[in-house]
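Comments concern the structure below.
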Amino acid sequence: MTQYSRYEWNNLYNTDFLPAARRLPAEAIDTTIYHPPTLPDLDDSKWNRRKALDQIVWNRDCVSQVDRLTKPNGTVWIIGNPETLMMAGNVFVEKGWRVINFVRCYRPHITKPRDLKHWDRKRAFTICWMAKSKHWHWDAEYVHTQFSWSQKNNWIVYELRPDEIKFGTHPDQLSDMFVSQMVKSTTPTDGAVLDPFCGTGTVAVVCERSLLKYVGFETDPEVYRTALARVSEVKFGMLGGNRR
């Protein structure tokens, strides 16, 4: 990135995003997939209120760093439960960002929602798409030719394929196709993508296949190893390899 940064493009790091973000150069990111650990409902008696407030402050600090790192025409996709969308979205709005759209995502393959070990035990969830200015990047040609949708309010999210979970699963894992719709529609060909909470590395996998720059962070060592395995397989395949 720069000589002052210890982090490099096209890598995932087993560290917390917040301290790492301070070492990244400002206005270097085009698209951020903001999918943080679940933010709590303060009325939930299961949560310690002090812990909840600490997490809200942490979220505010993370959003502030995403704002600093994003280019003037950059965008962010916020994914999570309603509390996450509200808390993160409000901070972005305070910093002058604008809401482009709320997208309802429907998962038709889920037949027993209550069996999900997930932050949103429903067949449908909502994501928030925001831009730093009114001149955000939007690849209309890609959207029209690949997905035939344009800023619509409803998307279909398909089940994870076997190759997406062969190295391990995660309760909040997003499908490659779903992430691809977000990343490719708002990232120019020479652009860069930030994944502050990369989980099993779906954003990195999509960027590798799309030849886009990216950087991601994950604190859980086991989940991080799963992400590295997925990315390594994609890189190996693109070089002509065939792992069995």
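If residue 203 satisfies all but one of (1) free of Cβ contacts under 8 Å to residues at least 60 places away in the same chain; (2) under 22 Å from residue 75 (Cα atoms); (3) surrounded by 15 or more Cβ atoms within 10 Å (Cβ to Cβ); (4) among the β-branched types (Val, Ile, Thr), what's the number of the condition it fails?
(1)
Can you tell me which residues in segment 47-81 are touching a strand residue (DSSP E or B) at 6+ places or on another chain (Cβ under 7 Å) and polar (S, T, N, Q)?
70, 75
Name the residues in segment 37-92 that are at pLDDT below 85, aliphatic (A, V, I, L, M) and not in a helix (DSSP H, G or I), would you?
Residues satisfying the conditions are 39, 42.
Which numbered condition trips up residue 193, out of (1) within 21 Å of residue 68 (Cα to Cα); (2) surrounded by fewer than 21 Cβ atoms within 10 Å (Cβ to Cβ); (3) aliphatic (A, V, I, L, M)?
Failed condition: (2).
With 228, 211 as the choices, which residue is free of Cβ contacts under 8 Å to residues at least 24 places away in the same chain and either surrounded by fewer than 20 Cβ atoms within 10 Å (Cβ to Cβ) or touching a Leu at 6+ places or on another chain (Cβ under 6 Å) (or both)?
From the options 228, 211, the qualifying one is 211.
Conditions first: (1) of a type outside the set (D, E, K, R); (2) within 17 Å of the chain's Cα centre (by Cα); (3) modelled with pLDDT of 85 or more. Residue 118 passes all but one, so which condition is the exception?
Among (1) of a type outside the set (D, E, K, R); (2) within 17 Å of the chain's Cα centre (by Cα); (3) modelled with pLDDT of 85 or more, residue 118 violates only (3).
What pairs come up if the first residue lies in segment 184-196 and is among the polar types (S, T, N, Q), the second is modelled with pLDDT of 95 or more, and their beta carbons are under 6 Å apart, counting only those six or more places apart or on different chains?
Here the result reads 186/31; 186/75; 187/30; 187/31; 187/193; 187/212, each pair linking segment 184-196 to a residue that is modelled with pLDDT of 95 or more.
So is residue 214 at pLDDT 95 or above, within 16 Å of residue 35 (Cβ to Cβ), in contact with an Asp or Glu (Cβ under 6 Å, 6 or more places away or on another chain) and not hydrophobic (A, V, I, L, M, F, W, C) or not?
Criteria not met by residue 214.
The values are calculated or read from the model by the stated rules, or taken from the named source; none is laboratory data. Small disclaimer: the values here were computed from a predicted structure and weren't measured. FYI the Cβ positions are ideal-geometry reconstructions off the backbone, even for glycines, and counts take in every protein chain you see.
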